[in-house]
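Bear in mind these aren't lab numbers, they're just calculated from the coordinates by the rules spelled out. Values in this document were obtained by computation on a predicted structure and should not be read as measured data. As a convention, Cβ positions derive from the backbone with ideal geometry for all residues, glycine included, and neighbour counts pool all protein chains shown.
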Amino acid sequence: MISRRLFLGATTAGLVLPTSLARAQISANPFTLGIASGSPRTDSVILWTRLAPEPLLGGGMPAGDVVVRYRVWEDAEMRRLLREGDVMAPEDDAHSVHLKLEGLAPGREYWYSFAVGEYESPVGRTRTAGSSGGTARLALASCQSWQSGFYAAYNDMAEWVPDCVVHVGDYIYEGGIGTIGTRQVEKPGETLTFRTVRLHNCNEIVTLRDYRDRYALYKGDRALQAAHAASPWIVAMDDHEVDNNWAAEVPQDPWAQTPLEFQVRKIAAFKAWFEHMPVERPPVFYGLESRLQMYDSYRFGPAKVHLLDTRQYRSDQYLDEETCGTGYNGQGRAPCTEEDQAARTMLGLAQEKWLARELRGSDAGFNVLASQIWMAPFHYNTAEDPVSVNTDSWDGYNAARARLIETLGQGVANPVVISGDWHCAAAMTIHEEPGNSRSRPIAHEFASTGISSDCGWMHEMEQMRSVNPHVSHLNARQHGYCRFDVTERDWTTAYRVVSDPYDPASPCTTDVELRTRDM
Ligand SMILES: [Fe+2]
């Protein structure tokens, strides 16, 4: 089999492509998962699709690599054809296509489509990154649990047509099949109601086939497809693309998965993630070791976005189980003294150094850190010691956060953190001493609520609002996403919320609009 990279290299050298043997055997529309573009640079973008006539049954493609035709236009009316050619959909990559389109102009829109045999994909719009100056329209999304709501937020996002969508993870959830209907949770003074509106396709996913079919389930959603077709995306996985709250080599439940089982599971998860994302670099496997290069920086006019990887290199959040526990148990957790040890890392040494270099060398008006998890602190108890926090977020990594805040405080222009994970919209100030809101403000953080994932801890967050004075906006009760309008001098965040999370055609409105210069 010809490797993808060799093949793409060969096409630029003018190699004549074989016609596809499999083409004649594709018996149904293979473009069921839509199209996408991503990783936009000033002169290039990745175009993506995956051929899957039977999306929930392993794809349903005949054996063998398949040649896919692509076309790129300079206008929405598709009158000015810029380029056309062939690209391989390798069987080994689940017949996904990752075409790096090069030689493009900066800050410019393009339209593209794929075709195989008699079948044509929808037409997508993409846009290259802008080098500097001008304006940028960015959208932030995360946490799209299939079962707990519909994706009306994505219809609204597609209509807005951002320059780029930043997705900071939980694109899929790995869990099993729920139960359709409502679920009530009693809290002091109120009853919370959650609904399961549609079901996962199988039990908790573990194998490559499981992960592929789960991505296919999610990517079958029309609203999600519309948002992909409207704009390029940059994506970083969080925990649920593999296993809840995993950290480097450690799964959520080390007592239930052996290290070997988790290594094999990560290989499957990483491979399927690549196969379904408009990203350039496939995972690298060394024996049972797996690595994905997710962290990178992207330039959108006045904003430089540093997409972080807060999952793959982190120290384990499973500290001393006896005294600290892990993650969030409804009341938060007491942080361990170990958390303050300098050796604990969130980004890993190489990424930490890379980020410091990128930030120091940046000439952008706004320096954005796209973090999967919240960087600002949040305390889940009153001011007594010990404070109770979510140890899966940066709150579990105090020393690493302190190092990063120190870097940000050394002349980095307008640091803005954008984050997800917590299914709760929030605007926060990150202070020099994160727990002391009278210390010097260093950065703003805009956390997106889930596209569809529920916030089971909304009650506790609202109760503890007063002990978190650095939080200027909090809405854990609605689903949605963030819109960012950036100019050289100003950053505006609009928190878009879905009126009815259980209606796939729900309207969206702006809950709150904030400008960093007013904060
Ligand atoms: Fe999530």
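Residue separation of Thr191 and Glu159 scaled by 0.36 nm, minus their Cα-Cα distance, works out to 8.0 nm of gained length. Here the simple spin-label model places points 7 Å from the Cα toward Cβ, and for Asp316 and Ala343 these points are separated by 1.4 nm.
The label point for Glu513 and the one for Glu261, both projected 7 Å from the Cα toward the Cβ, are 5.2 nm apart.
Cut-off is 10 Å between beta-carbons; in what order do Ser231, Ser27, Ser437 appear when sorted fewest neighbours first? Write out the running numbers ahead of the final one.
Details: Ser231 26, Ser27 11, Ser437 15.
Lowest count first: Ser27, Ser437, Ser231.
With all pairs of separate Cα atoms included, the chain yields a Kirkwood hydrodynamic radius of 23.4 Å. Restricting attention to the chain, close to 75% of DSSP beta bridges with both partner residues there are antiparallel. Global size of the stretch 25-115: 13.9, 40 Å for Rg and Dmax (C-alpha atoms, Rg to one decimal, Dmax whole).
Given contacts defined as C-alpha pairs under 8 Å and at least six residues apart, what's the relative contact order of the stretch 356-473, whole-number percent?
Numbers: 209 pairs, mean separation 33.7, N = 118.
It comes to 29 percent, rounded to a whole number.
Does the stretch 109-228 come out rounded, prolate or oblate, given a ≥ b ≥ c as the square roots of the eigenvalues of its C-alpha gyration tensor, rounded meaning a/c under 1.5 and, failing that, prolate meaning a/b above b/c? Write down the numbers at each step before the final one.
On the way: a/c = 2.46, a/b = 1.45, b/c = 1.70.
Judged from the Cα gyration tensor, the stretch 109-228 comes out oblate (a/c at least 1.5, b/c at or above a/b).
Ordered by the number of other Cβ atoms lying within 10 Å of each residue's own Cβ, fewest first, Arg214, Arg344, Arg465 fall into the sequence Arg465, Arg344, Arg214.
Only helical runs count toward this figure. For the chain, summing -39,500 (n - 2.57) over DSSP H runs of n ≥ 4 and dividing by all residues gives -5000 deg cm²/dmol at 222 nm.
State, to one decimal in nm², a quarter of the convex hull surface area for the C-alpha atoms of the stretch 219-310, i.e. the direction-averaged projected area.
Details: hull surface 28.5 nm².
For the Cα atoms of the stretch 219-310, the hull's average projected area reads 7.1 nm².
Excluding same-chain neighbours fewer than eight residues apart, the lysines reachable from Lys353 by a Cα-Cα span under 24 Å are Lys304. In terms of its C-alpha gyration tensor, the stretch 375-509 has an oblate overall shape, because the principal axis ratio a/c (a ≥ b ≥ c, square roots of the eigenvalues) is not below 1.5 and a/b does not outweigh b/c. Put in order of Cβ neighbour count within 10 Å, fewest first, the listed residues Ile177, Ile172, Ile267 become Ile177, Ile267, Ile172. Quick check on the stretch 46-188: take the gyration tensor over C-alpha atoms, sort the square-rooted eigenvalues as a ≥ b ≥ c, and tell me if it's rounded (a/c under 1.5), prolate or oblate. Cα axes put the stretch 46-188 in the oblate bin. Each label was represented as a point 7 Å from its Cα along the Cα-to-Cβ direction; for Glu462 and Ile177 these points are 3.5 nm apart.
Partner lysines whose Cα lies under 17 Å from the Cα of Lys219, excluding those fewer than 8 positions away in the same chain, are identified as Lys271.
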